[in-house]
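To start, the structure under review is shown below, and the notes come after it.
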Amino acid sequence: MKEQKYYYISTYGCQMNVHESEKLAGILQQRGFLPAKEQKDADIIVFNTCCIRESAEQKILGNIGAVKPLKKEKKGLIVAVCGCMSQQSKMADFLKQKFPFINIIFGANNVEFFGKYLDTYLSQQKYQNMVIPNEDYIENENGVKIQRDSTMHAFVNIMYGCNNFCSYCIVPYVKGREQSRKASDIITEVKELVKMNYKVITLLGQNVNSYHSSLDGKDVDFADLMQILCDIPGEFELRFMSSHPKDLNSKVIDTIAKNSKVSKYIHLPVQSGSNEVLKRMNRNYTREKYLGLIDEIKQKIPNVILTTDIIVGFPGETDQDYLDTVNLLKQVRYANAFIFMYSKRKGTPAEKMENQVPLEVKKQRIHDLLAIEHQISDEIFTALINTTQRALVEEETDKFYIAKLQCGKVVKLSKHQVSTNVGSFIDVKILDYKNGDLIAKI
Ligand code: SAH
Ligand code: SF4
Ligand code: F3S
């Protein structure tokens with residue numbers, strides 16, 4: 001009998017990468033590999049990398065390096081590296097040079113071909129470096145087996161790449177130009193997921209609001225797509241990630257407001273509250289336009305939960321620019337904000353900008369801003385006490401059911417008060433807010 005082989009995938013970066021790893025897992029399982037609980041038990045280790053900030057890259061380099069002793073111990077262990085870091089051919093060469101034990105390297109845009117690369121490696125035992133330049137990439141995800149991590153949450157790609165070239169960001173260089181996936185393929189995939197009883201379906205793209213495709217000769221924009229998907233019968237919730245404020249329009253907001261299937265949760269990255277900084281970031285909106293959007297959202301979707309991304313210490317950010325961000329945060333009141341220190345990325349316009357902000361200043365700003373955000377977030381969740389919220393029961397422990405609100409916030413339900421099932425949507429009454437968790441009963 002053939003010996004059972006195991007795989008271990010380490011995933012870094014955004015939800016798109018998490019979803020790409022589900023495809024890698026599907027490809028490995030088709031070849032008879034099973035998931036290993038720990039890296040040391042695997043016959044193939046895959047690093048699905050991210051290069052959005054230097055800190056991510058440093059961490060990944062450390063973790064790849066740490067495999068070296070394993071590789072010595074275990075004959076035949078295969079090490080593969082893919083994702084956004086290795087999509088850049090210079091970086092791919094650097095990786096091979098630094099870690100000669102790597103057996104297969106491919107890029108973020110080549111995940112569908114991983115099976116082919118692996119088969120070639122297995123038959124020839126020869127190093128494979130197969131990074132397809134992103135300008136040659138043609139979307140071909142249909143037919144790839146997706147081994148989803150969850151039986152309740154599913155990710156669905158609706159677009160690839162990015163055209164926005166925010167001046168700090170490396171994504172457009174690694175992921176290539178924007179391509180919308182065919183509406184009919186997305187609809188087929190979502191119908192299938194609903195049939196399989198998936199409860200939350202998250203549409204993925206770097207800027208979902210610029211989705212455009214056609215169906216039966218008619219144009220389909222993002223709002224149309226959401227509406228078509230909401231009309232699929234079944235009990236499920238639709239989410240999406242990410243929105244760019246320059247493209248989020250009233251039609252999308254109205255579609256969210258009027259469809260009970262769309263989560264009342266919007267992640268709307270603002271990046272900065274200062275018009276000067278937004279301009280240098282090439283974000284293509286002003287503080288006023290952003291706040292106008294927020295007003296419209298709050299007015300049309302009264303119970304909306306908002307989250308955002310913010311960069312502190314962008315080149316030239318003055319104390320006043322930073323205070324503009326603080327004020328915006330206080331005005332919008334986000335349930336959560338992902339706050340990052342600006343990180344220089346090679347080849348981006350911001351790398352060359354003057355007045356780079358010293359690390360100490362960045363550290364102080366991120367520290368202060370996080371403290372402000374934590375307070376706002378605590379106030380928002382404390383204000384939910386005594387209200388009724390819809391939540392999805394996702395887990396069961398000895399004492400609690402763990403449910404989550406649409407924005408991902410954890411709600412604990414004491415089991416001796418409640419009887420329910422994992423996978424059900426329930427209306428809960430919030431009783432308390434303690435140590436970052438909501439406590440509730442049905
Ligand atoms: N396309 C998505 C974001 C993808 S990257 C969007 O525009 O919303 C996720 C977040 O990483 C960005 O929103 C930004 O806040 C942050 N980010 C991107 N490049 C960065 C850099 N060079 N330094 C620090 N943070 C960065
Ligand atoms: Fe990067 Fe901007 Fe594109 Fe988001 S929209 S991926 S921040 S370039
Ligand atoms: Fe990172 Fe690539 Fe996502 S750079 S954030 S994994 S698109």
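The values are calculated or read from the model by the stated rules, or taken from the named source; none is laboratory data. Values in this document were obtained by computation on a predicted structure and should not be read as measured data. When we count neighbours, we look across all protein chains shown, and the Cβ atoms used for this are built from the backbone with ideal geometry, even at glycine. Ligands, DNA and RNA are excluded from the accessible area calculation, which covers all protein heavy atoms including side chains. Shrake-Rupley method; radii C 1.70, N 1.55, O 1.52, S 1.80 Å.
Observations
- Legend: residues 291, 278, sorted from most to least accessible area (1.4 Å probe; ligands, DNA and RNA excluded), read 291, 278.
- Cross-link reach is defined here as a Cα-Cα straight distance under 17 Å, omitting same-chain residues fewer than 8 places apart; for residue 75 the aspartates and glutamates meeting it are 3, 41, 43.
- In this simple spin-label model, placing a label point 7 Å from the Cα along the Cα-to-Cβ direction at both residue 371 and residue 249 gives a separation of 4.4 nm.
- Among 164-174, 102-112, the order from most to least packed when residues are scored by Cβ within 10 Å on average: 102-112, 164-174
- Each helix, a run of at least 4 DSSP H residues, gives -39500 (n - 2.57); summed and divided by the residues of the chain, these come to -10500 deg cm²/dmol at 222 nm.
- Phi-based couplings in Hz for the range 365-379 (Karplus 6.51, -1.76, 1.60; Gly and Pro marked x): 5, 5, 4, 5, 5, 4, 5, 5, 5, 4, 5, 4, 4, 4, 5
- 1.4 Å probe accessible area per residue over the chain, in Å²: 46 Å²
- DSSP beta bridges in the range 150-263 [antiparallel fraction, %, rounded to 5]: 35 percent
- Extending 7 Å from the Cα toward the beta-carbon at both residue 309 and residue 196 defines two label points whose distance is 2.7 nm.
- Note on residue 298: lysines with a C-alpha under 16 Å away, same-chain residues under 8 apart excluded, are 251, 258, 264, 289, 330.
- Looking at the range 388-441, the DSSP beta bridges with both ends there are about 85 percent antiparallel.
- Estimated at 0.36 nm per residue, the fully extended path between residue 346 and residue 424 surpasses their Cα-Cα distance by 23.4 nm.
- Straight-line cross-link partners of residue 182 among the lysines, defined as a Cα under 17 Å from its Cα and at least 8 positions apart when in the same chain: 191, 218.
- Amide H to amide H distances under 5 Å link residue 129 with 105, where only residues 5 or more positions off or on other chains count and H is placed in the peptide plane.
- Leading residue at positive end of dipole, the range 388-441 (Cβ point charges), from 416, 400, 440: 440
- Of all beta bridges that DSSP places with both ends in the chain, some 35 percent have antiparallel geometry.
- Residue-span extension gain [residue 216 to residue 116] - 0.36 nm each, minus C-alpha spacing: 32.6 nm
- Over the range 6-136, the fraction of Cα-Cα pairs per 5 Å bin, rounded to whole percents and listed from the shortest bin up, is 2, 11, 23, 27, 24, 11, 3, 0.
- Distance histogram for the chain (every C-alpha pair counted, 10 angstrom bins, percent rounded to whole numbers): 4, 19, 27, 28, 18, 4, 0
- Estimated distance in nm for a label pair at residue 434 and residue 94, the labels positioned 7 Å out from Cα along Cα-to-Cβ: 4.9 nm
- When the trypsin sites (Lys or Arg not before Pro) in the range 170-228 are filtered for DSSP coil states and for at most 14 other beta-carbon atoms within 10 Å of their beta-carbon, the remaining sites are 177.
- Taken about its Cα centre, the chain carries a charge dipole of about 940 debye when Lys and Arg each add +1 at the Cβ and Asp and Glu each add -1 at the Cβ.
- Dipole of the range 138-211 [Lys/Arg +1, Asp/Glu -1 at C-beta], most positive-end residue of 156, 206, 168: 156
- Across the range 208-217, rounded Karplus estimates of 3J(HN,Hα) from the backbone phi angles (6.51 cos²θ - 1.76 cosθ + 1.60, θ = phi - 60°) give 4, 5, 9, 4, 8, 7, 9, 8, 6, x Hz, Gly and Pro being marked x.
- Zone of residue 361's modelled label, taken as backbone nitrogen in the range 288-328 under 14 Å from a point 7 Å along Cα→Cβ: 312-324
- Length gained on full extension, residue 378 to residue 417, computed as 0.36 nm times the residue gap minus the Cα-Cα distance: 11.5 nm.
- When all protein chains stay in place and ligands, DNA and RNA are ignored, the 1.4 Å accessible-area order of 374, 244, largest first, is 374, 244.
- Whole-Hz Karplus values for the range 294-305 come out as 4, 4, 4, 4, 5, 6, 7, 10, x, 9, 4, 9 Hz, taken residue by residue from phi with 6.51 cos²θ - 1.76 cosθ + 1.60 and θ = phi - 60°; glycine and proline positions read x.
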